[in-house]
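Every read-out reported here was derived from the displayed coordinates using simple, explicitly stated rules and does not represent laboratory data. Only a predicted model underlies this, so the values are computations on that prediction, with no experimental measurement involved. We place every Cβ from the backbone using ideal geometry, glycine too, and count neighbours over all the protein chains shown.
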Amino acid sequence: MATKKKGVVTSFGPVGMASKTLYDAWKFNVTVDGMLQETIHTFVIPKVCGNLALLGTRTVVKPPIPVPVVFLGVDRDCATGMITIDTGDSDSSAQLVVMTAEGIGHAVEAGSLEDPAPYEADLTFRIVAENSARDGKIQRTEKEVTVPACPAPPAECTLALNGDDFFVRQPITVNANGHWVEDGFALRVLDGKGQEVERLVPGPELPYTTTFSKPGLYRVQGGATNEIGEEAGCEATVFIRPRWNLRPKAVVISPTDRITNFGGVTGGSGEQVFDSSVAAELDLEYHPTRLLGFEIGFLGGDVDAHRKITSGADSVVETESVGVTMAHFALNFHFRGRSGVDFFLGPVVAQVDVDDASFGETGDWQGGSDTGVGAQLGLDIPLGKATAWSLTGGVRFLDAEFDNDAVTGPVAMDPLIANLGLSFGF
């Protein structure tokens, strides 16, 4: 205790204060702040004397600094291609990153973001918060969430054509349905030999219209690729018919009524025989529909005629070539299979002309002409799966006769014509 009188301070050393009654005093604390604890000194100053007195001292240990709180919720919406990130009540110091497959982190913000690769890889999101403890050490807390890659829709491909049987240069519409990524659809066309005649990578804008300039059986193939590189194929076949057929042929003309009896031969009788002979023919057919064909053709050649005149015991035999030409029109009905073999039949109208001929001793032969009617049937067999050429053959019968001054009654040729050749479709 100390006193001060007339500027002189007198100390009495530690003393105790006592009073029979309560007295008023000022009380206050002085805190000494340490790293791990606080020391609190409590002082009082009685109002009656103004002396400072230490009332007591206590030590308070500081509580540890709490670890930062973090929360992380992630939702990957495969349907919309968006990722929603929720950090909830995480400490304000938290930093959010997304880890790539290569282990590289990129800072992102909570909220919604566009999925960079929904079908290609798992994504790992990590939120980290840290602070300094009283002992100088860094306190760190984190939360990690991995969202798996979305299951990729399977690659699918279905081709749809506007038919499977067309003529050359007839437009064909190709469409496709299924699932593929952008630029993940391809289209190609193979001929009957498996050779590629058209390739479009990436595929064309659908629907796609194309044409074929050669007849044959073609395969249209499509390919689809999904988001993770899986592939699926699809195929459709289409048969291309020729619109025109040009048929050069070798023919055998066989008159079915080949014997002609001569009447009025002086002193005797005579007969004439037509032999089967080889000629050439060229036909052209146009197909307005798959079933019908309009054919025109021309045939030209010589038919050998044997003439025998008998008078009593004597006879004279002579042989001469007689020119024969035929121009015909036929209406063909076609029955073509998927193999390309084409069977056809139909009625025929033909102009048959037989030339004059001189037989010498037995007299002259006067030709004639007639419009004959009949029927024909034929067959075209392709020479390959990817060729415009076919082997063609058939028979034709005509009812044709004409008048001749040297012969009693009309001359009936009624030719049966067998043919074999090639057919070129275009």
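Across the stretch 73-147, Cα-Cα pairs more than 16 Å apart make up 52 percent of the total.
Note on LEU200 and ASP304: their simple-model spin labels are 6.2 nm apart, each label 7 Å out from Cα toward Cβ. Close amide H partners of PHE212, meaning residues 5 or more places away or on another chain with modelled amide H under 5 Å apart, are ARG169, GLN170. The HN-Hα couplings worked out from phi for the stretch 387-394 by the Karplus form 6.51 cos²θ - 1.76 cosθ + 1.60 (θ = phi - 60°) are 9, 8, 9, 9, 8, 10, x, x Hz, whole numbers, x standing for Gly and Pro. With a Förster radius of 30 Å applied to the C-beta separation of THR100 and ALA160, the computed FRET efficiency comes to 0.15. Each Lys and Arg adds +1 at its Cβ and each Asp and Glu adds -1 at its Cβ; summed about the Cα centre, the chain shows a dipole of about 5560 debye.
Straight-distance candidates among the lysines for linking to LYS385, with alpha-carbon spacing under 17 Å and chain neighbours fewer than 8 residues away dropped: LYS193, LYS214.
Using the Cβ-Cβ distance between LYS137 and ILE45 with R0 set to 60 Å, the FRET efficiency works out to roughly 0.90.
3J(HN,Hα) along the stretch 85-94, derived from phi through the Karplus expression 6.51 cos²θ - 1.76 cosθ + 1.60 where θ = phi - 60°, amounts to 10, 10, 9, x, 9, 4, 3, 5, 7, 5 Hz, with x in place of Gly and Pro. Set against the labelled values [x] 0.98; [y] 1.32; [z] 1.70, Rg/Rh (Cα atoms, Kirkwood Rh) computed from this structure falls on [z]. Database remark: amide H of ALA25 closer than 5 angstrom to the amide H of LYS47 (H placed geometrically; neighbours at sequence offset of 5 or more, or on other chains; Pro and chain starts carry no H). Our coupling estimate for the stretch 146-160, obtained by passing each phi through the Karplus curve with A = 6.51, B = -1.76, C = 1.60 and θ = phi - 60°, is 10, 10, x, 5, 5, x, 6, x, x, 5, 9, 8, 9, 8, 9 Hz, Gly and Pro reported as x.
Farthest toward the positive end of the dipole of the stretch 15-114, out of LEU36, CYS78, THR100, is the Cα of LEU36, where the dipole comes from beta carbon charges about the Cα centre. Distant-in-sequence amide contacts of PHE359, defined by a placed amide H-H separation under 5 Å and a gap of 5 or more residues or a different chain, comprise ASP364, TRP365. Farthest toward the positive end of the dipole of the chain, out of PRO204, ILE296, ALA236, is the Cα of PRO204, where the dipole comes from beta carbon charges about the Cα centre. The relative contact order of the chain comes to 9 percent, based on Cα pairs under 8 Å that sit 6 or more residues apart. Spin-label model, SER358 to GLU144: label points 7 Å out along the Cα-to-beta-carbon direction sit 11.7 nm apart.
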